[in-house]
Structures are given as C-alpha cells and as structure tokens.
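Trainee: Before I ask anything, here is the structure I am working with.
What follows is calculated from the coordinates using simple rules that are stated; it is not laboratory data. Here the structure is a predicted model, which means the values were calculated and not measured. Here the Cβ is made from the backbone with ideal geometry for all residues, glycine too, and neighbour counts use every protein chain on show.
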Amino acid sequence: MPGLGCYKGQDVVRAFRNAGWTIARQKGSHVIMEKPGQEATLAIPVHKGRDVKRGTLRSLIKDAGMTIEDFIKNLP
C-alpha cells in the first residue's frame, strides 16, 4: 500500500473532483464538495502555502468511501 503524502488543498479538491465529487460552495478557506448518492459532504481546507494535514486527509478519504489507493489514482 503506498503511503499518503503531503498535498495542497487544491490538489485534494482536484483528486475528489476526478472521483466524481463536485464543488457545492466555498465558505472562507474551505471548499465544500458533495456527490450524488453520498450522504457525506467533504469540507476541504484550502489554505495558502500549507498542506492538508494527513489526519484530516485520511478522514476525508474515509468519509468519501474511498481507499488511499483510490485517492492516489485520482491525483492530478
């Protein structure tokens, strides 16, 4: 299993967009994404100059019903 690296918020948003999630709205520095058929919404922090923390990223991947491998395949 490949390890989960450090990614910028915009890269995380692109990966989830490639997996079928759409941007519903943005509130401040957080992009809110949703997907038809999924109960969960994803709040992705997009802070300038900082990576998304690994624990936060793991939680987002889990909430999306994906595996780490699925997420990595969808990275730009």
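Trainee: Need at least 2 residues that are over 12 Å from the mean Cα position of the chain (by Cα) per element, so show me which strands (runs of 3 or more DSSP E) inside the chain make the cut, counting only ones lying wholly within it. Outline the logic, then answer.
Mentor: Working: elements: 22-27, 30-34, 42-45.
Output list reads 22-27.
Trainee: When you scan the range 1-46, how many residues do you find that are aliphatic (A, V, I, L, M), surrounded by fewer than 17 Cβ atoms within 10 Å (Cβ to Cβ) and in contact (Cβ under 8 Å) with a residue 24 or more places away in the chain? Before the answer, list the steps.
Mentor: Looking only at the range 1-46, we keep the residues that are aliphatic (A, V, I, L, M), and these are 1, 4, 12-13, 15, 19, 23-24, 31-33, 40, 42-44, 46.
In the following step, the residues that additionally are surrounded by fewer than 17 Cβ atoms within 10 Å (Cβ to Cβ) were identified as 1, 4, 23-24, 32, 40, 43.
From the residues that got through so far, the ones that are in contact (Cβ under 8 Å) with a residue 24 or more places away in the chain too are 1, 4, 40.
Of the residues in the range 1-46, 3 are aliphatic (A, V, I, L, M), surrounded by fewer than 17 Cβ atoms within 10 Å (Cβ to Cβ) and in contact (Cβ under 8 Å) with a residue 24 or more places away in the chain.
Trainee: Turning to a different aspect of this structure: In the range 47-66, which residues are touching a strand residue (DSSP E or B) at 6+ places or on another chain (Cβ under 9 Å), of a type in the set (D, E, K, R) and surrounded by 13 or more Cβ atoms within 10 Å (Cβ to Cβ)?
Mentor: Within the range 47-66, D51, D63 meet the criteria.
Trainee: Quick one: what pairs do we get from the range 60-76, first residue in contact (Cβ under 8 Å) with a residue 40 or more places away in the chain and among the aliphatic types (A, V, I, L, M), second surrounded by 13 or more Cβ atoms within 10 Å (Cβ to Cβ) and in a loop (DSSP other than H, G, I, E, B), C-beta under 6 Å, 6+ apart or different chains?
Mentor: I68/L4
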